[in-house]
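I have placed the structure first, in the form of structure tokens, so that the comments after it can refer back to it.
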Number of protein chains: 6
Amino acid sequence: MPQYYILVLFFLIFFSSSSHASVQDFCVADLKGPDGPAGYPCKSPANVTVSDFVFSGLAKGGNTTNIIQAAVTPAFVAQFPGVNGLGLSMARLDLAPGGVIPFHTHPGASEILVVTRGHITAGFVSSASTVYLETLKKGDVMVFPQGLLHFQVNAAKIHSSAFVSFSSASPGLQILDFALFANNLPSALVGQTTFLDLAQIKKLKGVLGGTG
Amino acid sequence: MPQYYILVLFFLIFFSSSSHASVQDFCVADLKGPDGPAGYPCKSPANVTVSDFVFSGLAKGGNTTNIIQAAVTPAFVAQFPGVNGLGLSMARLDLAPGGVIPFHTHPGASEILVVTRGHITAGFVSSASTVYLETLKKGDVMVFPQGLLHFQVNAAKIHSSAFVSFSSASPGLQILDFALFANNLPSALVGQTTFLDLAQIKKLKGVLGGTG
Amino acid sequence: MPQYYILVLFFLIFFSSSSHASVQDFCVADLKGPDGPAGYPCKSPANVTVSDFVFSGLAKGGNTTNIIQAAVTPAFVAQFPGVNGLGLSMARLDLAPGGVIPFHTHPGASEILVVTRGHITAGFVSSASTVYLETLKKGDVMVFPQGLLHFQVNAAKIHSSAFVSFSSASPGLQILDFALFANNLPSALVGQTTFLDLAQIKKLKGVLGGTG
Amino acid sequence: MPQYYILVLFFLIFFSSSSHASVQDFCVADLKGPDGPAGYPCKSPANVTVSDFVFSGLAKGGNTTNIIQAAVTPAFVAQFPGVNGLGLSMARLDLAPGGVIPFHTHPGASEILVVTRGHITAGFVSSASTVYLETLKKGDVMVFPQGLLHFQVNAAKIHSSAFVSFSSASPGLQILDFALFANNLPSALVGQTTFLDLAQIKKLKGVLGGTG
Amino acid sequence: MPQYYILVLFFLIFFSSSSHASVQDFCVADLKGPDGPAGYPCKSPANVTVSDFVFSGLAKGGNTTNIIQAAVTPAFVAQFPGVNGLGLSMARLDLAPGGVIPFHTHPGASEILVVTRGHITAGFVSSASTVYLETLKKGDVMVFPQGLLHFQVNAAKIHSSAFVSFSSASPGLQILDFALFANNLPSALVGQTTFLDLAQIKKLKGVLGGTG
Amino acid sequence: MPQYYILVLFFLIFFSSSSHASVQDFCVADLKGPDGPAGYPCKSPANVTVSDFVFSGLAKGGNTTNIIQAAVTPAFVAQFPGVNGLGLSMARLDLAPGGVIPFHTHPGASEILVVTRGHITAGFVSSASTVYLETLKKGDVMVFPQGLLHFQVNAAKIHSSAFVSFSSASPGLQILDFALFANNLPSALVGQTTFLDLAQIKKLKGVLGGTG
């Protein structure tokens, strides 16, 4: 039996030298450090606790008393540092009756969605302009390939919700209307590059706080 | 206005030549083709429909009337060809009261879990042998870094369930007990390489159908 | 000197066994083979010639006598099989006076552009909806990060052209107007998910051959 | 001939501007810098010498006068900063007669082993619970796919040794017994998630310094 | 209409929490930060302007009044921080009549070249020692697979130029003659490892400033 | 106890559906299948045995009775199909007294070397033309970053040997002398692109079987 203590000793001596390397098991983001192409620097493993790997911010849906009657609640690396470097993240979608997550892309990730309440009509469009459109029931899963335009619309008379996961800790989110109308891109240029009528552009710029 | 038809023509002529390339928007698995290091060959885009991107197999939980009183239902590339090449996949966990998903690893992916019903006690162990253990409530999210041993246990008196997502279309699943006891690895060798007592090994081999 | 012949022999004998492995120097696409997540299968190296690595299709600009007065000529893997697996590809932009490459994304690649004639006003919009806009002169280079909406407009009174390169052999190309208006996505759904007026949607659907 | 000096000058002037970029030839770890998902920050190239690329710590085997009669000596990034960012690393295995490297995984890398002395019985188990087991002679090579449980046992009456290489500078190392028994994971929870008997668990926890 | 302002509010509230994550749209290099295996740390997005994504240094060719009568002007991450993390970069080649870009490799990238003036004879050699050689006209494109020896020679009586793009922000550049003759590698060792005659080695060492 | 049989049943039923996915634990090369950018297609797992993961071809050194008095014996994917898709491979170096592995690169991998007999002088040259040169003793390890020119020379009076590992299953091997002199690249062009004297070129072309 005292032999066994030598075993303990053995591991402490011979494997402890690799403790530094094992940090790479995970790399909880130190959000105060400078971001880099592969993510944030790692928090010192000595300070990592289980709470770094747990996120409670998706337990409640966002407030849907707004014009789109919907909310997106992200658990990306900025909200959930534990996903840093692991190549995944999540978000929660909530859609009141009539709610819409408008056309958007995630420039850096594919997305997989599972409906947890109600019905959701979801669609994406390929480079070949083909539409892939489906009304999903509770428990249905749909996948949206990286970078393609897609949307989700409540198809139920009740509140619908879904969880979505991404193939990146930092998938990005480019909402089409905001890209076109919520900044200072001159209206004429928007018109030239979208074929939309000027009146339409100015109307939505007005609504979304865009100028020019 | 006739000018506009030329626009259509323009796109058809000049961009259509890139139609082949745009296949790479997605690569729905042709499961009859030979698997490769990056996944399965792509189904011809002409035959792809929205149903390739939708999976209904997670709508119901698996049967938990078994000894572990739990079930794992996968939506990996083999069940859900639409995730091929997209770097993600899903599964559903169901745990009856007392249910357990025993210690296991995913050799090729990190995992993110969200509780959708009940309470789940989940934990993983790092290379440094530190335990990260938490009892999760409905809506809580937990991340399990790639390749590390982890488990989930029902912490509620009711049926609990969760959705899990992976950073690979083919995360793999190595269940510790099956790796050790459900094959023909000689008992003496199992003992030598795990320090478990021979009686313990033979007992579990008996239970799990192992030989040797 | 006869010793030297042994050298030759040496190489033939000892290194020749690695000849198969060296195939992976390159992997010219066999476009008849099934595409996969990482690209096409490789053409047999015995049949590869220098012409597989050379492409003359960008020597002339595309026809710009169309409504957008512009043309995109791709040298993606589908046109230029030599780039398969090498993580890059090219295209040529031609813009007659008044020409426009409308808002689009490349779901799978970043882009770098160099102006070779005239002046081009180019811009992209970030996830934060910030516009990055510049009028480029001959020889100027601009980079467009992966998956973000961007456009190019002729800023000269003469024909302008540019070469663009991508960080993928198969960058994809999603043109905003085509994604929204050149398919059968129902007009009401387009309206709901873009906030565009129905009249605007129907007008552009009419122009671009969309239905619904 | 003076022309030639202009050549030197040419290179100094025109290529020197790319000297910064060429740092990326290698990125010797600055272990004092914060680790990140892709590895450590690079030591300034001005301070890099050949000794950063050479490691003598594997010349001698570790001390095997312990209960497992074996030793693992790592040359991971933490011990050998020159491998940072290069996607490989090494270790040395020493097994006295009767020596065992117990069941373990490398969460972040595949492994390739070559026997340099004696005989070694090595095995790994797949997700399908199939055992791949072989007794290797001097000079034999065996590969262990990423993340799978594996072990090595001395099969000779003499001291055996091997060199192993990994497909990561930071492969990690999770020893099964330590993950289960050398920490404060409650014994009841270990039992629930491994099906091991409580007495067995408490015995090994006692040996390996675990509590609970 | 006032509803619309709620929409704006909605986006500001619900999506702004993801603003940090969206930084990963791009990662303009902070060249003062420490380089890492995946590139430089990101400049704070608040300080990023369009000028970070535009580079004018390739508008003019380098000075070719030197012995090789040629110039390479790089737009790698060190010169053009906007390409950091995007997996591409560019350079410009200028060749006066008789000009030569001598044999070299890019250790970390494939290259694609487009001729913009004159004629260029370009070639690369595979691991199998096969030569892929072509004389390219204006507008012709050629691709050079990663890490292979290649060169470019002016094939016109006039000044020729080309733009080249790389599949890395930091492709590296190893010029054969400089690797062999422009350092202190002992001449005898160069001879032993290249089979070149000592006189030849000493002559080129003299020309290129090498010693030993 | 009969409960336990239900456990077995449970696993067989619920996890067996993921058996296809677990194929991706490994992907033994089917060398008769077409190579692809990520490697060869996978051999059917049903036909995989442990012998696919074991290679005995490095047990003996290659024949060194040749002019360079050295031999390289590869265990790349073409010789050792088990490494397909795993991102690593090996080779063995044997150097008789006076033996030399001449200047070469691996276009697709970094290399790590461990001396197993004798002494070896090894060196590599960076893009900045700096030489990193060391004489290694038995057990010493040296790493050679991807794509850089390097060599190994016997520094002992006895036969020396080493094992080398690579960060790719298909690292490639470009031997400088063969690239320059063992093919039909015209001597004048070799001269123009290497600054070597024509006599030197023709001499080595003669030796190595080159023409032109």
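Structure summary
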item	result
Of the criteria (1) away from chain A (no Cβ under 14 Å); (2) touching a strand residue (DSSP E or B) at 6+ places or on another chain (Cβ under 6 Å), which one C:His159 fails	(2)
Qualifying residue in region E:7-30 (condition: modelled with pLDDT of 95 or more, outside the structural domain of E:Leu133 (by TED's automatic domain parsing) and out of contact with any Gly (no Cβ under 9 Å at 6 or more places or on another chain))	yes
Any hit, region E:42-55, residues being under 20 Å from the mean Cα position of the chain (by Cα) and aliphatic (A, V, I, L, M)	yes
Lone qualifier among E:Ser89, E:Ser56, E:Ser44, E:Ser129 - being of a type in the set (Ser, Thr, Tyr) and out of contact with any helix residue (DSSP H, G or I) (no Cβ under 9 Å at 6 or more places or on another chain)	E:Ser56
Lone unmet requirement of (1) touching a helix residue (DSSP H, G or I) at 6+ places or on another chain (Cβ under 9 Å); (2) at negative phi; (3) of a type in the set (Phe, Trp, Tyr) for B:Phe166	(1)
Selected residue (criterion: surrounded by the fewest Cβ atoms within 10 Å (Cβ to Cβ)) from residues of region D:39-90 that are in contact with a Pro (Cβ under 7 Å, 6 or more places away or on another chain) and of a type in the set (Gly, Ala, Ser)	D:Gly85
One residue from C:Ala91, C:Ala75, C:Ala70 being touching a residue at least 24 places away in the same chain (Cβ under 8 Å) and over 18 Å from C:Leu176 (Cα atoms)	C:Ala91
Condition check for E:Val77: part of a strand (DSSP E or B) and at the interface with another protein chain (Cβ under 8 Å from one of its Cβ atoms)	no
Hits in region A:188-210 (condition: within 18 Å of C:Phe124 (Cβ to Cβ) and either part of a strand (DSSP E or B) or not hydrophobic (A, V, I, L, M, F, W, C) (or both))	A:Gly191, A:Gln192, A:Thr193, A:Thr194, A:Gly210
Which listed residue, of E:Thr65, E:Thr49, is of a type in the set (S, T, N, Q) and modelled with pLDDT of 95 or more	E:Thr49
Complete set of residues in region E:180-200 that are at the interface with chain F (Cβ under 8 Å from one of its Cβ atoms) and under 19 Å from F:Leu208 (Cβ atoms)	E:Leu180, E:Gln192, E:Thr193, E:Thr194, E:Phe195, E:Leu196, E:Asp197, E:Gln200
Number of positions in region F:132-149 that are touching a helix residue (DSSP H, G or I) at 6+ places or on another chain (Cβ under 8 Å) and either among the aliphatic types (A, V, I, L, M) or more than 12 Å from chain E (Cβ to nearest Cβ) (or both)	6
Output for region D:80-93, where each listed residue is under 24 Å from D:Phe151 (Cβ atoms) and within 14 Å of chain E (Cβ to nearest Cβ)	D:Leu88, D:Ser89
Qualifying residue in region D:96-106 (condition: closer than 27 Å to F:Ser110 by Cα and among the hydrophobic types (A, V, I, L, M, F, W, C))	no
Residue within region A:27-47 that is closer than 22 Å to B:Val115 by Cα, part of a loop (DSSP other than H, G, I, E, B) and within 8 Å of chain B (Cβ to nearest Cβ) present	no
Lone qualifier among F:Leu148, F:Leu133 - being within 27 Å of E:Gly209 (Cα to Cα), surrounded by fewer than 22 Cβ atoms within 10 Å (Cβ to Cβ), aliphatic (A, V, I, L, M) and modelled with pLDDT of 95 or more	F:Leu133
Filter result for B:Arg117 (more than 14 Å from chain D (Cβ to nearest Cβ), buried (at least 22 other Cβ atoms within 10 Å of the Cβ) and closer than 30 Å to D:Thr194 by Cβ)	no
Meets criteria (out of contact with any Leu (no Cβ under 7 Å at 6 or more places or on another chain) and either buried (at least 23 other Cβ atoms within 10 Å of the Cβ) or among the basic types (Lys, Arg) (or both)) for D:Glu111	yes
Whichever residue in region E:153-210 is hydroxyl-bearing (Ser, Thr, Tyr) and touching a Phe, Trp or Tyr at 6+ places or on another chain (Cβ under 8 Å) and, among such residues, is nearest to C:Ala162 (Cα to Cα)	E:Ser170
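Residue-wise test of (1) closer than 20 Å to C:Phe163 by Cβ; (2) aliphatic (A, V, I, L, M).
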site	(1), (2)
E:Pro34	no, no
E:Pro37	no, no
E:Phe55	yes, no
E:Ala75	yes, yes
E:Phe80	yes, no
E:Arg92	yes, no
E:Glu111	yes, no
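The values are calculated or read from the model by the stated rules, or taken from the named source; none is laboratory data. Values in this document were obtained by computation on a predicted structure and should not be read as measured data. Counting neighbours? That spans all protein chains shown, and the Cβs are built from the backbone with ideal geometry, glycine included.
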